[in-house]
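S.K.: Let me begin by handing over the structure; questions about it come next.
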Amino acid sequence: MFLISSISPTIILGEIKPIFGSFLSSLLFWQLLCVGLLITVLAILFIGKKQRAKIRQFMERRTQTIIGQKEKIEEQKALLEYEHEKSNELLKDVFPNKIVKVLKNKGKIEPEYYEQASILFADFVSFSKITPSLTASQLVDTLNVYFNKFDEIITNNKMILIKTIGDSYFAVGGVPKKTKKNPIYSVIAGLQMQHAVKEVNANSELNWQIRVGINTGEIAAGVLDTKRPMFDVWGSSVNVASRVQEAGEEGKVNISEATYKKIYPYFECEERGEIDTKNVGKIPMYFVKRIKPALSADEDGCVPNKIFWQYVSKLKEAKPDYLGVTRKVLEMLRNELPEGIYYHTDNHALNIMNAVEFLGFGEEIYTEDILLLKTAALFHDLGFIKQYHDNETIGAEYAKEMLPDYGFEQPQIDKVVELILATAFDHKAKNLLEEIIKDADLDYLGRSDFEDISNKLMKEYLENNIVGSKEEFLKKQVEFLKTHMFLTDTAKSSRIEKKKKNIQIAIDLYNAEA
């Protein structure tokens with residue numbers, strides 16, 4: 001009885017099950033188990049001690065065989081996993097992560113045309129002078145400090161690294177996933193790269209500086225079928241980006257006009273002239289200083305806030321050529337104003353454009369109305385080209401005539417015309433936008449440049465016989481300052497205190513003249 005019970009099905013199953021735990025779901029395991037149970041039952045019912053001993057020995061040998069097969073399978077599985085991991089690591093070494101994902105899903109990447117991508121180049125200033133003082137190991141370690149920062153930045157801004165060549169860092173946005181926001185992300189990345197360099201330098205003995213150049217345009221991108229495959233991008237836009245970077249300056253982000261057209265509503269930029277480019281000719285360039293303060297989450301203007309992206313979303317369908325019309329009107333003001341105009345110049349138009357944006361953001365307007373306000377500010381004194389008095393009406397006529405040529409639709413034109421006419425001295429503001437442009441037109445009354453602008457206006461008034469003497473102008477100025485009132489909450493909160501000081505300045509000037 002002891003022998004029979006010791007090989008009962010329950011005991012056999014209890015011994016075999018832990019061994020074949022990983023095989024419970026396999027057909028082989030169940031086949032073997034059934035055979036084992038059948039043999040056991042037969043042994044119990046029909047055979048004697050000798051035969052049962054032989055069966056036990058057979059089962060033990062069979063168990064060892066199966067264990068050996070299981071171990072081989074596990075070894076093969078581990079080897080496959082290791083080879084798979086090696087393949088993934090190799091892919092990651094050769095291709096950007098986003099490209100690896102595409103390769104895994106599709107198996108290959110054919111060269112593809114991209115209508116709009118943004119190409120970023122960065123390099124270290126005077127790199128050839130730095131290298132002789134460092135060992136090869138020190139050079140690589142230092143480059144890695146900066147490049148690791150850059151890798152993180154471009155990843156966060158939806159860009160991919162194409163390659164590094166020596167001290168040059170080459171990345172692209174809008175590839176492989178096409179997005180219209182890639183110029184914006186690329187400029188943010190450029191600003192953050194410059195900021196990262198400053199942080200590294202501040203916390204180490206390093207003092208390396210980079211130039212960043214960005215261009216937006218058409219490219220082709222893909223993996224060439226060569227002995228050493230790699231993901232790359234091609235096209236004249238890449239060459240232009242390289243030239244823009246070469247023409248940059250340390251610590252700054254230099255962009256082409258093609259990029260500027262996509263990002264100007266959101267960043268503070270500075271026009272900086274043209275460069276010659278192969279096969280493209282002369283292109284204007286701009287320095288990007290920072291994200292506009294109202295749209296920035298940090299003091300340095302490198303991180304966009306929630307309002308930034310709301311504004312981007314609201315302007316994504318904006319069609320008028322705001323830049324084109326701005327250039328044209330400023331050119332007219334520079335070349336066609338008559339003699340004796342010192343205040344109502346192109347600089348005044350730019351001044352009011354900046355003021356309406358400042359006040360508009362202050363009043364929490366983050367729509368295309370900001371750009372329409374700036375357009376009205378641009379035109380509001382264009383009438384001075386033809387006549388000194390009632391110039392607002394002439395400016396409105398210019399707007400009606402010119403704006404259709406720059407893609408403005410009739411409702412937009414009507415709004416711009418109403419805002420131009422609202423700048424007339426005796427016009428009473430009917431809505432917030434009119435209040436903004438009226439406050440902007442006299443924004444200097446509450447600024448620190450009041451005295452300088454006042455002198456230009458006085459000179460213009462004297463030459464155009466608006467006043468008969470300096471004393472008369474100063475007297476009228478004091479009277480006007482005392483009765484004038486800002487209309488918007490933003491102007492009241494940001495300009496009144498300075499205006500009070502300017503009133504005293506005006507009084508002192510008048511008393512000195514009288």
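All of the numbers you see were taken from the coordinates with simple rules; none came from a lab. Everything numeric here is computed off the predicted structure, so don't read it as measured data. Virtual Cβ from ideal backbone geometry, glycine too; neighbours counted across all protein chains shown.
S.K.: Only one residue in ALA241, ALA220 is within 20 Å of the chain's Cα centre (by Cα) and either of a type in the set (Gly, Ala, Ser) or within 22 Å of MET353 (Cβ to Cβ) (or both). Which one?
M.R.: Step by step, each of ALA241, ALA220 is checked, and only ALA241 is within 20 Å of the chain's Cα centre (by Cα) and either of a type in the set (Gly, Ala, Ser) or within 22 Å of MET353 (Cβ to Cβ) (or both).
S.K.: I want to confirm something. Restricting to the range 460-486 and keeping residues that are more than 24 Å from GLN387 (Cα to Cα) and surrounded by fewer than 16 Cβ atoms within 10 Å (Cβ to Cβ), which single residue is nearest to the chain's Cα centre (by Cα)?
M.R.: MET485
S.K.: Based on this model, can you work out whether GLU317 counts as within 16 Å of GLN387 (Cα to Cα) and either surrounded by 18 or more Cβ atoms within 10 Å (Cβ to Cβ) or over 14 Å from the mean Cα position of the chain (by Cα) (or both)?
M.R.: Criteria not met by GLU317.
S.K.: Restricting to the range 165-201, and then to whatever is surrounded by 19 or more Cβ atoms within 10 Å (Cβ to Cβ) and among the hydroxyl-bearing types (Ser, Thr, Tyr), can you tell me which residue is nearest to LEU139 (Cα to Cα)?
M.R.: Ranking the qualifying residues of the range 165-201, first place goes to TYR169.
S.K.: Within the range 135-191, which residues are within 13 Å of VAL212 (Cβ to Cβ), without any contact (Cβ under 8 Å) to a residue 60 or more places away in the chain and among the aliphatic types (A, V, I, L, M)?
M.R.: Across the range 135-191, the qualifying residues are ILE153, ILE154, MET159, ALA171.
S.K.: Please go through (1) more than 29 Å from GLY340 (Cα to Cα); (2) in contact with a helix residue (DSSP H, G or I) (Cβ under 6 Å, 6 or more places away or on another chain); (3) crowded, with 20+ Cβ neighbours inside 10 Å; (4) not polar (S, T, N, Q) for PHE408 and return the number of the only condition it doesn't satisfy.
M.R.: Result: PHE408 passes all but (2).
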